[in-house]
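The block underneath contains the structure these notes are about, expressed in structure tokens.
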Amino acid sequence: MRVAINTLGMGGKLYGIGNYIKNLLSALSRIDFDNEYLVFGSPENLCHLEGIGSRFHIELVTSKPVLRVLWEQTVLPARLRGKRIDVYHGPAFVAPLVKTCSQVVTVHDVTSHVVSERHLFYRRLYLKAVIPTVIRRSDRVIADSESTKRDILSFGWAREERVCVVHLGVGRGYEPVADGEHLASVRKKYGLVREFILFVGMIEPRKNVEVLVDAYQRDALSDRFDLVLAGSLGWGYSGLLRKIAGSRVKGFIRMPGYVEDADLPALYSAASVFVYPSLYEGFGLPVLEAMACGAPVITSTASSLPEVAGEAAILVDPNDVGALASAIRRILGDESLRKELSRRGRERAKLFTWESVAEKTLEVYRGAAGA
């Protein structure tokens, strides 16, 4: 079987979708010794494609947004036909509208339709136009969670048998870090002297970080703990920055920006509690990463997050500041609870591996090829 995978949604810095693409390719290279792959990459993400093996042939394409969209809908279908590709996989929502081979698309979430106000206007319009059409024309659709599958089916875009749930996995490096020197080095790098409450993710409206700031400043948490909001500024963050600037505890709120993958396990391991109060997630990979590293986790009752966390986290209504503040206080004040959540989280994370993701994705490819 010849499989083509479009990695142009990965980018240079890795976020949720980029991590999915990188880890999927890496796991496929470890478990699949039968099929050949054509990987469409860009000069920016080439560094993430190193070492995936001789069965993966990389073809570089521009990643500039407008040119990329034109390429995906004009040049790509011809390349797939010319290379005699059996199955095309678009792991970042996108696939050619003109089909020249069997087609698989991964839909990580449908925020463009469920919480459309949480997207930039131009991206909202693009996704609203493209996602339903791509889903209808694809032979198989991969959803990150049962929650996302339910959303897809609720809009009537695909028959149930064509939508396959493939949960994401935890990278091999995500485990508790006990090395004191390494922990101290990462703390120093990001200026973290005191104990801290941690959030990791793109700073954008649906991550609901303003509610976390409200919960943090509601009580005297800053007497002992910093609040660390780790992640790049995405969009719609001006209200958050104004809230922090006007807060009486602004001196204890740290925003270190994008954190390199190599530093994340130590950051999770050093956190007193990890809080992820998102309003909507197709999966919520940081929750799983934090649990794998032994951090006690508080997350939201919304969308896929209870499905990912299971019984290994405290779940709260993401719109209830008081409930979130109470949950944080409860964990910080109860050492036995922290240890129990840490144990449960590590056990829960073991259920999610990238090898399993790759095996299930291969099954989807086979199903699409025979469709």
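The values are calculated or read from the model by the stated rules, or taken from the named source; none is laboratory data. The model shown is predicted, which means the values in this text are computed figures rather than measured ones. Cβ atoms come from the backbone with ideal geometry, glycine included; neighbour counts cover every protein chain shown.
Of note, Leu285 satisfies the criterion of being outside the structural domain of Ser29 (by TED's automatic domain parsing) and of a type outside the set (Asp, Glu). Selection of first residues in region 7-31 that are outside the structural domain of Glu363 (by TED's automatic domain parsing) and of second residues that are in a helix (DSSP H, G or I), restricted to Cβ pairs under 7 Å at least 6 apart or on distinct chains, gives an empty result. The set of residues in region 130-157 that are crowded, with 21+ Cβ neighbours inside 10 Å and either among the small types (Gly, Ala, Ser) or not assigned by TED's automatic domain parsing to the domain that holds Pro91 (or both) comprises Ser138, Ala143, Ser145, Ser147. Ala368 fulfils the conditions (1) part of a helix (DSSP H, G or I); (2) surrounded by 18 or more Cβ atoms within 10 Å (Cβ to Cβ); (3) at pLDDT below 95 except for a single criterion, (3).
The sole residue among Ala270, Ala215 that is among the small types (Gly, Ala, Ser), under 29 Å from Arg172 (Cβ atoms) and surrounded by 19 or more Cβ atoms within 10 Å (Cβ to Cβ) is Ala270.
Scanning region 1-20 for residues that are touching a Phe, Trp or Tyr at 6+ places or on another chain (Cβ under 7 Å), in a loop (DSSP other than H, G, I, E, B) and buried (at least 18 other Cβ atoms within 10 Å of the Cβ) gives Thr7, Leu8. Please work out which residue is farthest from Glu363 (Cα to Cα), limiting yourself to region 60-94 and to residues that are exposed (fewer than 14 other Cβ atoms within 10 Å of the Cβ), touching a residue at least 12 places away in the same chain (Cβ under 8 Å) and charged (D, E, K, R). This residue is Arg81.
Scanning region 21-59 for residues that are among the hydrophobic types (A, V, I, L, M, F, W, C), more than 21 Å from Glu72 (Cβ to Cβ) and surrounded by fewer than 17 Cβ atoms within 10 Å (Cβ to Cβ) yields Ile31, Phe33, Cys47.
If you check Pro65, Pro96 for being under 21 Å from Asp139 (Cβ atoms), out of contact with any His (no Cβ under 9 Å at 6 or more places or on another chain) and of a type outside the set (Lys, Arg), only one passes: Pro96. Considered as a group, the residues in region 138-182 that are in a helix (DSSP H, G or I), of a type outside the set (Ser, Thr, Tyr) and touching a residue at least 12 places away in the same chain (Cβ under 8 Å) include one that is nearest to Tyr88 (Cα to Cα), and that residue is Arg162.
Please verify whether Glu210 is part of a helix (DSSP H, G or I), within 22 Å of the chain's Cα centre (by Cα) and either crowded, with 19+ Cβ neighbours inside 10 Å or touching a residue at least 12 places away in the same chain (Cβ under 8 Å) (or both), treating the condition exactly as stated. Answer is yes for this residue. For region 302-319, the set of residues classified as touching a residue at least 60 places away in the same chain (Cβ under 8 Å), within 22 Å of Val166 (Cβ to Cβ) and assigned to a loop (DSSP other than H, G, I, E, B) consists of Ser303, Ser304, listed by residue number.
The condition of being within 17 Å of the chain's Cα centre (by Cα), of a type in the set (S, T, N, Q) and at positive phi holds for only one of Ser278, Ser303, that being Ser303.
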